[in-house]
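Taking it in order: structure first as structure tokens, then the write-up.
The values are calculated or read from the model by the stated rules, or taken from the named source; none is laboratory data. Just so you know, these numbers come straight off a predicted model, no measurement behind them. Here the Cβ positions follow ideal geometry from the backbone for every residue, glycine too, while neighbour counts run over all protein chains shown. Note: accessible area is taken over every heavy atom of the protein model, side chains too, but ligands, DNA and RNA are not part of it. Shrake-Rupley method; radii C 1.70, N 1.55, O 1.52, S 1.80 Å.
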Amino acid sequence: AKAGQQVITDQANTSAFKFMSFVSNSVEAGNIIRVAQTAVVTFTTTSDGDLKNIIGDSNLDAATERVMAYKMRDYEWKSQPGMVFHGPIAQESYAVTKDPMLVTPGKGATPWGINMSGYIPDLIMTVQKLRAEINELRNLI
């Protein structure tokens with residue numbers, strides 16, 4: 001391990017070893033688990049319907065508008081010049097949505113953060129909307 005790095009090891013080679021659980025009000029909010037006895041690790045967020053009050057279907061048009069408004073950039077980290085990366089800039093995504101599940105504003109020495117998995121619901125809804133539009137166009141042919 002490198003200095004400042006914490007390593008959690010499954011020395012018993014346990015199937016579905018839980019490296020970490022995140023708990024809020026006695027309910028697991030997520031976890032990091034090893035899949036069976038493989039080298040695959042999953043990061044799971046609780047999404048149990050029993051813990052939710054469904055208030056309606058999501059707005060596919062609004063999701064598509066957000067997806068189209070998010071800017072994807074080519075960039076280099078200032079600490080790694082010459083290495084090109086692709087993706088969003090937290091401050092630009094925050095201008096599109098103030099959703100705390102997606103963007104965490106920086107404070108003082110803490111840099112801005114972005115939860116890349118937060119884009120997935122909007123991407124799924126956009127694909128659903130586009131598929132419906134394709135089917136409508138097919139019916140016109």
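Remarks
- Answer label, with Kirkwood radius over Cα pairs in Å calculated from the coordinates and candidates (i) 16.7; (ii) 19.1; (iii) 15.3: (ii)
- Of THR64, THR44, THR104, the residue with the greatest mean-square motion in the GNM of the chain, using alpha carbon springs below 10 Å, is THR44.
- Database remark: amide H of ALA29 closer than 5 angstrom to the amide H of PHE22, VAL23, SER24 (H placed geometrically; neighbours at sequence offset of 5 or more, or on other chains; Pro and chain starts carry no H).
- Set of lysines with alpha-carbon distance to LYS71 below 21 Å, sequence-local pairs under 8 removed: LYS98, LYS129
- Per-residue Karplus couplings for the stretch 83-100, computed as 6.51 cos²θ - 1.76 cosθ + 1.60 with θ equal to phi - 60°, are listed in order as 9, 8, 10, 10, x, x, 10, 3, 4, 6, 5, 4, 5, 7, 9, 8, 4, x Hz, Gly and Pro entered as x.
- Once the trypsin sites (Lys or Arg not before Pro) in DSSP loops with at most 10 neighbouring Cβ atoms within 10 Å are cut out of the chain, the longest remaining piece is 3-51.
- Accessible carbon and sulfur surface of the chain relative to its total accessible area, %, 1.4 Å: 57 percent
- In the chain, the sites counted are chymotrypsin sites (Phe, Trp or Tyr not before Pro) in DSSP loop states with at most 15 other Cβ atoms within 10 Å, and the longest stretch holding none of them, exclusive of the sites, is 1-76.
- When the chain is treated as a Gaussian network with alpha carbon springs shorter than 10 Å, the biggest mean-square fluctuation among ILE32, ILE89, ILE124 belongs to ILE32.
- Expected 222 nm ellipticity per residue - DSSP helices of 4 or more, -39500 (n - 2.57), all of the chain, to 500: -8500 deg cm²/dmol
- Cross-link reach is defined here as a Cα-Cα straight distance under 23 Å, omitting same-chain residues fewer than 8 places apart; for LYS78 the lysines meeting it are LYS2, LYS107.
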